[in-house]
Amino acid sequence: MRVLIVGGGGREHTLAWKLAQSPFLSRLYCAPGNAGIAALAECIDLSPVDIDGLCQFALKEKIDLTVVGPEAPLAAGLADRFRGAGLKVFGPGRSGARLESSKVWAKDRMRRWGIPTADFAVFSEYGAAARHLEQHYVNKPVVVKADGLAAGKGVVVAPESAAAEKALRQIMIEKAFGAAGEQVLLEECLFGEELSVLAITDGRELVMLPSAQDHKAIGEGDRGPNTGGMGAYAPAPLLTAELARKVERAVFRPFLAGLRAEGIDYRGVIYAGLMISDREIDLLEFNVRFGDPETQALLPLLRSDLLPLLLATAEGRLEQALSSLDIQWREASAACVVLASDGYPGPYKSGKVIHGLVQGDPPAAGGTGAEEGLALFHAGTAFDRSGRIVTAGGRVLGVTAWAQELPEALQKAYRAVEQIKFEGCYYRRDIGHRALKR
Ligand code: AMP
Ligand code: GLY
């Protein structure tokens, strides 16, 4: 099979690494890819949101399956366009992607579909929103959310109403996120522990993946501004078998029923960002794609072949395929430590030569030079003119290790991290701290 991956970060490198192990794969392309992906796939110089360009490429190259990594092309209708052209895609169309691209729409559906979530109100005018704060949130924590996609920066958890008002001003008056801030949610602040549960679904049948926890804050102890994710581990011990059944019952079944009721054709990943407190679960957000860096910790745990699973999903025949797919997970834990450029999530420098990459570079099946249970996934990397691998983004690499138990996986990952050097390399030393405390 000829497969095209859309995207060029750590998540896409992990997808490429896993798909490259499939006996069914004949050719792998990635648009735009990165320096690590280039070892596994032919990188195509097309932007993930160049839908015309990608569609032409897929038709010309007779691509059998396109796997979409990031949300932006899904929200822009890549999957609709490809399906219209007779191409198979793993990823929801624009209507399903709205669950991520509009927080207002998503909260509305959660309420309508009966999925437990924090109380909220929606505003399109600053004055009304500020009055709501005064009436309901004086000296109380509140969460302010811009409606649209804001690269993970559109959410402010405010300890009290003054901080919330500042966020409101930035979004609604200073228009920090442009059109993404035309509507704003004011949301009750929930407390507890966050957990991500992802499922692969064709809109009818659903396969839950092991749970994962990511570390969004830049600083140790989960302090400082939020990033795309500084590390992740899976499975999260917080999700017991009983709680997993509850998540399926309270979140995923109503989600599937909601899709049916609204006639939404959904084939891809549904990612539930949950808050768990005293055995209560609330849905904070839906994402409509694999998480990054959760994927780096999740896919190494999948023992069976990913390609037929993604294909069956794209073809809408997951239920019929389930028995032959024989999905198997390793009885193991995985941890991913992200190496970032100093300064991220603010401004940072790029073009720094990365040393010590050999041991991790994951050739197709964890082959030559790679230690068993260790993979190095590239995120923001590129080749310079002399062919050296250099930094080219905020998040640069994701060092992933897996082992029987999480502490062992973490030790192995950190040992590998120490071998890698580039100027301004920053990483958190406390990935997995919550699970270790348990
Ligand atoms: P979201 O993009 O909606 O998941 O928000 C990003 C982050 O903000 C989440 O991962 C949480 O850490 C935090 N957050 C969002 N909504 C709430 C809430 N209602 N209560 C507490 N924290 C929240
Ligand atoms: N790591 C969080 C996300 O992918 O949205």
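The values are calculated or read from the model by the stated rules, or taken from the named source; none is laboratory data. Just so you know, these numbers come straight off a predicted model, no measurement behind them. Here the Cβ positions follow ideal geometry from the backbone for every residue, glycine too, while neighbour counts run over all protein chains shown.
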Exercise for the section: Taking GLY224 as the residue in question, decide whether it is within 11 Å of ligand 1 (Cβ to nearest atom) and over 30 Å from GLY316 (Cβ atoms). Expected result: no
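Among GLU134, GLU187, GLU205, GLU125, which is more than 16 Å from ligand 2 (Cβ to nearest atom), in contact (Cβ under 8 Å) with a residue 60 or more places away in the chain and over 20 Å from ASN226 (Cβ atoms)?
Being more than 16 Å from ligand 2 (Cβ to nearest atom), in contact (Cβ under 8 Å) with a residue 60 or more places away in the chain and over 20 Å from ASN226 (Cβ atoms) holds for just one of GLU134, GLU187, GLU205, GLU125, which is GLU205.
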For the stretch 84-107 the number of residues that are free of Cβ contacts under 8 Å to residues at least 40 places away in the same chain and touching a strand residue (DSSP E or B) at 6+ places or on another chain (Cβ under 8 Å) is 1
When (1) over 24 Å from ALA340 (Cβ atoms); (2) within 15 Å of ligand 1 (Cβ to nearest atom); (3) out of contact with any helix residue (DSSP H, G or I) (no Cβ under 8 Å at 6 or more places or on another chain) are applied to LEU243, the one that fails is (2)
Here the residues within the stretch 152-170 that are in contact with a Pro (Cβ under 9 Å, 6 or more places away or on another chain) and within 16 Å of ligand 2 (Cβ to nearest atom) are GLY152, LYS153, VAL157
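Yes/no matrix, rows are residues, columns are (1) part of a helix (DSSP H, G or I); (2) touching a Pro at 6+ places or on another chain (Cβ under 8 Å); (3) modelled with pLDDT of 95 or more:
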position: GLN21; (1), (2), (3): no, no, yes
position: TYR29; (1), (2), (3): no, no, yes
position: ALA35; (1), (2), (3): no, no, yes
position: LEU46; (1), (2), (3): no, yes, yes
position: VAL49; (1), (2), (3): no, yes, yes
position: ASP52; (1), (2), (3): yes, no, yes
position: ALA58; (1), (2), (3): yes, no, yes
position: LYS62; (1), (2), (3): no, no, yes
position: PRO73; (1), (2), (3): yes, yes, yes
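Among the candidates LEU318, LEU322, LEU307, which residue alone is aliphatic (A, V, I, L, M), closer than 20 Å to PRO70 by Cα and either within 16 Å of ligand 1 (Cβ to nearest atom) or touching a residue at least 40 places away in the same chain (Cβ under 8 Å) (or both)?
After ruling out the rest, the residue left standing is LEU307.
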Q) If you check LEU238 against the conditions, is it touching a residue at least 12 places away in the same chain (Cβ under 8 Å), buried (at least 16 other Cβ atoms within 10 Å of the Cβ), of a type in the set (A, V, I, L, M) and away from ligand 1 (no atom under 16 Å from the Cβ)? A) no
Here the residues within the stretch 75-107 that are part of a loop (DSSP other than H, G, I, E, B) and within 15 Å of ligand 1 (Cβ to nearest atom) are SER102
Within the stretch 380-393, of all residues that are surrounded by fewer than 22 Cβ atoms within 10 Å (Cβ to Cβ) and of a type outside the set (A, V, I, L, M, F, W, C), the one nearest to LEU298 (Cα to Cα) is GLY393
If we keep only residues of the stretch 266-304 that are surrounded by fewer than 20 Cβ atoms within 10 Å (Cβ to Cβ) and away from ligand 1 (no atom under 16 Å from the Cβ), then the residue farthest from ALA212 (Cα to Cα) is SER304
Of those in the stretch 168-214 that are on the phi < 0 side of the Ramachandran plot, within 11 Å of ligand 1 (Cβ to nearest atom) and assigned to a loop (DSSP other than H, G, I, E, B), the residue surrounded by the fewest Cβ atoms within 10 Å (Cβ to Cβ) is PHE191
Those residues of the stretch 137-162 which are within 13 Å of ASN226 (Cβ to Cβ) and either buried (at least 20 other Cβ atoms within 10 Å of the Cβ) or among the hydrophobic types (A, V, I, L, M, F, W, C) (or both) amount to VAL143, LYS145, ALA150, ALA151, GLY154, VAL155, VAL156, VAL157
By my count, helices (runs of 4 or more DSSP H) wholly in the stretch 240-302 with at least 3 residues that are over 21 Å from LEU74 (Cβ atoms) and of a type outside the set (A, V, I, L, M) are 241-247
